[in-house]
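Peer 1: Okay, here's the structure, questions in a sec.
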Amino acid sequence: MVAVFYLPIQHHNRMSPPISIHFHGQLNDFLPLQLHDETFDIEHKKNRSVKDLIESTGIPHTEVDVIISNGNAVDLNYLVKAGERIEVYPVSVSLDLIRSDNALLHCQPEPPSDYRFVLDVHLGKLATYLRMLGFDTLYRNDYDDPALANISAAERRILLTCDRRLLMRKQVSYGYFVRNRMPRQQIIEILRRYQLYHEIKPFSRCINCNGATRSVSKQSIESELLTKTKKYYTDFYQCDSCKKIYWKGSHYQQMMKLIDQLKSADI
Ligand SMILES: [Zn+2]
């Protein structure tokens, strides 16, 4: 289904002056080209929160950090008044760029410091990359939208998705709209967005199930190894949960190469 967002108004209601709104920085990613870095009008409706107003343009509230209304910082629950001028800034904007003399309110909470994630059903490959780098990542190909939103809220996990409707759900506090479509670009995007390059702990987590892995003696798992693996490898790891066994074979070398490539993208 193609979502239809944003309707800058054509005819102003003289009784109720429209809201004038301007989105800054990466928030423009969600707008049609002709509205990039433009101020445009939206019809005023009674008892409308600024969250609802912003999301009517297609921008999820999880992308918004600072809202300035007629020069004053407001939060997402603020009820918009007719004729106001509203400036909206994204999460990663430099605070120097925000034109307000008043103390700023940040709409976004600090993300959980241990950076745990839950991913929507379309991001399986990204989930694999995140687990490979040691990040706690929940992913199942049968999670529906309510389940994803609930898990994110209940477990304070950052919800990663390419579905902006999902991020508009009120209970989603920690969320991010993944811009790129290629998994390799997506993982770089996430590492940059949350500045995770120094948090990488390769192979500390099971790619299969997200369980923690630990070093095990060859003896303890020998009976489960194929003859060739038994012959050529000495160091083994095992997942605490699903018991999958890992060793530093050709797959490991390929993953190390990939991790080096990802780290070199830290610019
Ligand atoms: Zn496992």
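Peer 1: From the residues in the range 129-174 that are assigned to a strand (DSSP E or B) and in contact with a Gly (Cβ under 9 Å, 6 or more places away or on another chain), which one is nearest to Met255 (Cα to Cα)? Before you say what the answer is, go through the steps one by one.
Peer 2: To start, the set of residues in the range 129-174 that are assigned to a strand (DSSP E or B) comprises 137-138, 158-161.
Now restrict to residues that are in contact with a Gly (Cβ under 9 Å, 6 or more places away or on another chain): 158-161.
Working: Ile158: 25, Leu159: 25, Leu160: 23, Thr161: 24 Å.
Among them, the one singled out is Leu160.
Peer 1: Looking at the range 198-209, which of its residues are within 19 Å of Ser113 (Cβ to Cβ) and either within 11 Å of the ligand (Cβ to nearest atom) or surrounded by 14 or more Cβ atoms within 10 Å (Cβ to Cβ) (or both)? Break it down into steps so the answer makes sense when it comes.
Peer 2: Initially, the range 198-209 is screened for residues within 19 Å of Ser113 (Cβ to Cβ), giving 198-201, 204-205.
Glu199, Ile200, Ser204, Arg205 - these are the residues of the range 198-209 that are within 19 Å of Ser113 (Cβ to Cβ) and either within 11 Å of the ligand (Cβ to nearest atom) or surrounded by 14 or more Cβ atoms within 10 Å (Cβ to Cβ) (or both).
Peer 1: Across the range 235-256, what is the total count of residues that are near the ligand (Cβ under 9 Å from one of its atoms) and part of a loop (DSSP other than H, G, I, E, B)?
Peer 2: So the count comes out to 5.
Peer 1: Right, something else. Against the definition (among the hydroxyl-bearing types (Ser, Thr, Tyr), outside the structural domain of Arg156 (by TED's automatic domain parsing) and more than 20 Å from Leu167 (Cβ to Cβ)), how does Ser92 come out, yes or no? Even if it seems obvious, please write down each step before you answer.
Peer 2: Details: among the hydroxyl-bearing types (Ser, Thr, Tyr): yes; outside the structural domain of Arg156 (by TED's automatic domain parsing): yes; more than 20 Å from Leu167 (Cβ to Cβ): no.
Criteria not met by Ser92.
Peer 1: Given the criteria part of a helix (DSSP H, G or I) and either touching a residue at least 24 places away in the same chain (Cβ under 8 Å) or farther than 20 Å from Glu55 by Cα (or both), does Ser215 qualify? Walk me through it before giving the result.
Peer 2: Numbers: part of a helix (DSSP H, G or I): no; either touching a residue at least 24 places away in the same chain (Cβ under 8 Å) or farther than 20 Å from Glu55 by Cα (or both): yes.
No, not satisfied.
Peer 1: Among (1) in contact with a helix residue (DSSP H, G or I) (Cβ under 8 Å, 6 or more places away or on another chain); (2) in the same structural domain as Asn150 (by TED's automatic domain parsing); (3) assigned to a loop (DSSP other than H, G, I, E, B), which single condition is His122 missing?
Peer 2: If we test His122 against (1) in contact with a helix residue (DSSP H, G or I) (Cβ under 8 Å, 6 or more places away or on another chain); (2) in the same structural domain as Asn150 (by TED's automatic domain parsing); (3) assigned to a loop (DSSP other than H, G, I, E, B), just (1) comes out false.
Peer 1: I need a count of the residues in the range 21-40 that are out of contact with any His (no Cβ under 6 Å at 6 or more places or on another chain) and surrounded by 15 or more Cβ atoms within 10 Å (Cβ to Cβ). Before the answer, list the steps.
Peer 2: First, the residues of the range 21-40 that are out of contact with any His (no Cβ under 6 Å at 6 or more places or on another chain): 21-27, 29-38, 40.
Filter once more, so that each one left must be surrounded by 15 or more Cβ atoms within 10 Å (Cβ to Cβ): 21-27, 30-31, 35, 40.
Count: 11.
Peer 1: How about the range 196-219: which of its residues are of a type in the set (S, T, N, Q) and at pLDDT below 90?
Peer 2: Filtering the range 196-219 for residues of a type in the set (S, T, N, Q) gives 204, 208, 210, 213, 215, 217, 219.
Passing the criteria: only Gln219.
Peer 1: Does Glu87 fit the bill of being of a type in the set (Asp, Glu) and surrounded by 14 or more Cβ atoms within 10 Å (Cβ to Cβ)?
Peer 2: So Glu87 fits the description; yes.
Peer 1: Could you run through the range 219-231 and say how many residues are assigned to a helix (DSSP H, G or I), surrounded by 10 or more Cβ atoms within 10 Å (Cβ to Cβ) and more than 16 Å from the ligand (Cβ to nearest atom)?
Peer 2: Going through the range 219-231 one residue at a time, the tally reaches 4.
Peer 1: All but one of (1) under 25 Å from Asp260 (Cβ atoms); (2) in a loop (DSSP other than H, G, I, E, B); (3) among the aliphatic types (A, V, I, L, M) hold for Leu191; which doesn't?
Peer 2: (2)
Peer 1: Can I ask one more? Look through Met182, Met132 and report the one residue that is more than 23 Å from Ile54 (Cβ to Cβ) and surrounded by fewer than 16 Cβ atoms within 10 Å (Cβ to Cβ). Steps first, please.
Peer 2: Values: Met132 fails: surrounded by fewer than 16 Cβ atoms within 10 Å (Cβ to Cβ).
The unique qualifying residue is Met182.
The values are calculated or read from the model by the stated rules, or taken from the named source; none is laboratory data. Keep in mind that what you see is a predicted model, and the values were worked out from it rather than measured. All Cβ positions, glycine included, derive from the backbone under ideal geometry; neighbour counts span all protein chains shown.
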